[in-house]
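I have placed the structure first, in the form of structure tokens, so that the comments after it can refer back to it.
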Amino acid sequence: MFQLNKSIRAIELAEKLNLAYEGGSDLLITNLSSVDSAGKNSITFSKSDDNVQDDVVVIASSSNQSANKIVSEKPRFDFIRILEWLGINIGFVKSKELPKLHNTVTLGKNVVLENNVIIGEGTIIEHNVTIMSGSRIGANCLIRANSVIGSDGFGSERMPDGTPVKFIHLGGVKIGNNVEVGACTCIAKGTLDSTIIEDNVKIDNLVHIAHNCVIKKGAFIIASSVLCGGVEIGEGVWVAPNATITQKANI
């Protein structure tokens with residue numbers, strides 16, 4: 001969940017974007033999250049409002065079990081609009097914690113570490129690597145030169161006139177232990193949850209791993225592969241050179 005700088009009433013937020021609100025109560029929204037992580041006073045989105053708890057506001061098109069809903073024919077698009085409005089008018093709480101590195105971490109030249117980064121024991125970060133806020137890297141990892149970890153993923157919807165609207169990414173990247181990330185590889189952070197790389201994964205050079213991917217233990221991802229958003233790679237899987245796996249596929 002991602003906290004807002006200040007709370008806002010659900011009805012007020014719906015009115016700001018000319019959307020209808022249906023609810024048993026005018027809930028106070030204090031945070032936003034994915035539908036799977038939604039908790040008290042969250043706002044989220046879903047194709048359906050099934051199985052959403054009563055203290056959550058969901059942007060959805062169908063009307064079933066949810067007691068608190070912002071009605072939308074395009075829930076993802078209107079959630080993006082709400083993210084944009086909240087980002088401009090209220091803002092999200094951002095961690096100001098300095099990077100936390102174990103004293104055995106090795107850093108190359110020109111490494112950039114943003115706030116709210118954690119790196120574990122024995123990890124080596126080579127030259128010109130950028131590790132962005134919200135990234136977690138475990139022990140005994142190797143991040144090779146010129147890689148970027150934790151940048152925004154690619155996610156946009158179009159307004160009726162064709163103007164693109166960006167899906168603001170608030171998630172992070174979680175990398176386990178004994179992971180190798182090859183040179184010039186990009187691992188995007190998640191939208192509302194984290195992109196996850198589990199223990200003993202080996203990633204070759206020039207690989208792109210999009211937002212919200214999950215790569216399970218011991219998988220090998222070989223040079224110039226592309227994993228699109230939300231792909232899940234199982235334990236011990238081998239992804240061959242130049243493979244492209246389309247979004248939300250499960251291998």
Worksheet entry | Cubic angstrom per residue, convex hull over Cα atoms of the stretch 181-251 | 62
Item to complete: Let me have the 222 nm mean residue ellipticity of the chain computed from DSSP H runs of 4+ only, each contributing -39500 (n - 2.57), with the sum over all residues rounded to the nearest 500.
Response: -2500 deg cm²/dmol
Fill in: Apportionment of accessible area to carbon and sulfur, the chain, percent (1.4 Å)
49
Worksheet item: Using heavy-atom solvent-accessible surface (probe 1.4 Å) with all chains present, what is the largest-first order of 180, 22?
Response: 22, 180
Worksheet, complete the sentence: Computed over the chain: longest principal axis from alpha-carbon atoms vs helix 75-89 long axis, angle to nearest 10 degrees, is 90
Practice prompt. Quote the FRET efficiency, to the nearest 0.05, computed for residue 84 versus residue 205 with a Förster distance R0 of 25 Å and r equal to the Cβ-Cβ distance.
Written response: 0.10
Item to complete: May I ask for the percentage of alpha-carbon pairs in the chain that lie more than 30 Å from each other?
Response: 34
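Taking the Cα centre of the stretch 141-234 as origin, work out the dipole magnitude from +1 charges on Lys and Arg Cβ and -1 charges on Asp and Glu Cβ, in debye rounded to 20.
Around 120 debye, computed over the stretch 141-234.
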Worksheet item: For the stretch 91-155, what does the alpha-carbon gyration tensor say about shape, rounded, prolate or oblate, given a ≥ b ≥ c as the root eigenvalues, a/c under 1.5 as rounded, and a/b over b/c as prolate?
Response: oblate
Worksheet, complete the sentence: Taking only Cα atoms of the stretch 99-211, the Rg to Rh ratio with Kirkwood Rh works out at 1.03
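The values are calculated or read from the model by the stated rules, or taken from the named source; none is laboratory data. Just so we're clear, the structure is a prediction, and the values are computed from it rather than from any experiment. No Cβ is skipped: glycine too gets one built from the backbone with ideal geometry, and neighbour counts run over all protein chains shown. Keep in mind that these areas ignore ligands, DNA and RNA; they rest on the heavy atoms of the full protein, side chains included. Shrake-Rupley method; radii C 1.70, N 1.55, O 1.52, S 1.80 Å.
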